[in-house]
Structure formats: structure tokens, C-alpha cells
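Engineer: Shown below is the structure under consideration.
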């Protein structure tokens, strides 16, 4: 069953290699959402992610002649996506916006659901502050659900490197988020006691 999408992608790639623009349009429709999700997670910026999606499919069209059928089309596509996203990050080198402390304090707090809502901006900020390679591996593995062998193919590195980068990312996130968790827990506890 898993072969059918891969077979369809392969057929579309072959048509693209012969200059069929409609095949590229179909590949775009089939994969744009996944490419967008990767780009958005890596850049943390909607406009950048939209631009990256366009750049990725322009690159796909330009380089489709070099696509070798010894790997899945999706691995090749996601490698292009991550490389273009990294290039965009290097060009921008911007920091994610930090939520103001008073906004957190003014939030309508209640234990439970609000904790994760309050933690989200800190999590996004912590992810955005990771080194690019660690961030990419973290997002591809823990957010997008790729396996280390797939990530290794996409990033042209070893599986060991992928695992090491993931370990570093998780350790840095834990270090940055534990103090926030304590603060949020105390805020929601105090708020829960109020009438």
C-alpha cells in the first residue's frame, strides 16, 4: 500500500524530466503542505515558509533531471526543502519574538489547558534558538515523525550524527524550558487559588 504514492511520484518525476509542466503541478499539489510544514517549523515565519515552498519547487523543476530513482522522491524533495530553509535562516539570522512577561501574567490562567498554552511561546522560542542543524533534526524527527535513516538521507549525514543532534537539541530544550515550567506551574497554582 505504501508503494502506490511512491510509484505515482516516480511516474510524475519521469514526466517532469520530459518537460511536462502538468506533472510538476501535480507534484506540487501532492507535497506542498509537507514542504510548507517543514519550512514553517524551521523558519518560524509564515512569509518565509511560503517563499521557501515556491523556491523548493522551482529547484525541483531545475534539478529534476538529476533525480536518481535509487531513493524515494520524498527524501530528495525534503532534502531540497531543508537546504533551502537553512539558506533562508542563514540569510535572515533573526531571533524569534519573545512574549512580554506582563502578557503571561495578564493571561486568564487556569490549571491544565492554560499551562500548555502558556508554555507554547517559550517552546517556540527555545526551538528557534537551537543551532540550525540540531533544530532541523529535532523538527524532522520529533515534530514531523521522520526516522533517523530518512533524516540522514535528507541532510546527507550519518544516522549517528542525526541521533547526536537530536540528543543535543532535547538537552538544550530541557535546560531552557524547565525554569519556565516551574514559573508557569506557580502562576497557574496561584491563579487557581483566587476566587
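Engineer: Would you be able to say whether some residue in the range 45-54 is farther than 25 Å from residue 130 by Cα and either assigned by TED's automatic domain parsing to the domain that holds residue 140 or at pLDDT 80 or above (or both)? Can you show your working first?
Structural biologist: Within the range 45-54, the first condition is being farther than 25 Å from residue 130 by Cα, and the residues that meet it are 54.
Filter once more, so that each one left must be either assigned by TED's automatic domain parsing to the domain that holds residue 140 or at pLDDT 80 or above (or both): 54.
Yes, that holds for at least one residue.
Engineer: Name, by its number, the condition in (1) under 24 Å from residue 8 (Cβ atoms); (2) in contact with a helix residue (DSSP H, G or I) (Cβ under 9 Å, 6 or more places away or on another chain); (3) in a helix (DSSP H, G or I) that does not hold for residue 29.
Structural biologist: Residue 29 satisfies all of (1) under 24 Å from residue 8 (Cβ atoms); (2) in contact with a helix residue (DSSP H, G or I) (Cβ under 9 Å, 6 or more places away or on another chain); (3) in a helix (DSSP H, G or I) except (2).
Engineer: Can you pull out the residues in the range 32-77 that are under 12 Å from the mean Cα position of the chain (by Cα) and outside any helix (DSSP H, G or I)?
Structural biologist: 44, 45
The values are calculated or read from the model by the stated rules, or taken from the named source; none is laboratory data. Because the structure is a prediction, the values reported are computed rather than measured. Glycine gets a Cβ as well: all are built from the backbone with ideal geometry, and neighbour counts include every protein chain shown.
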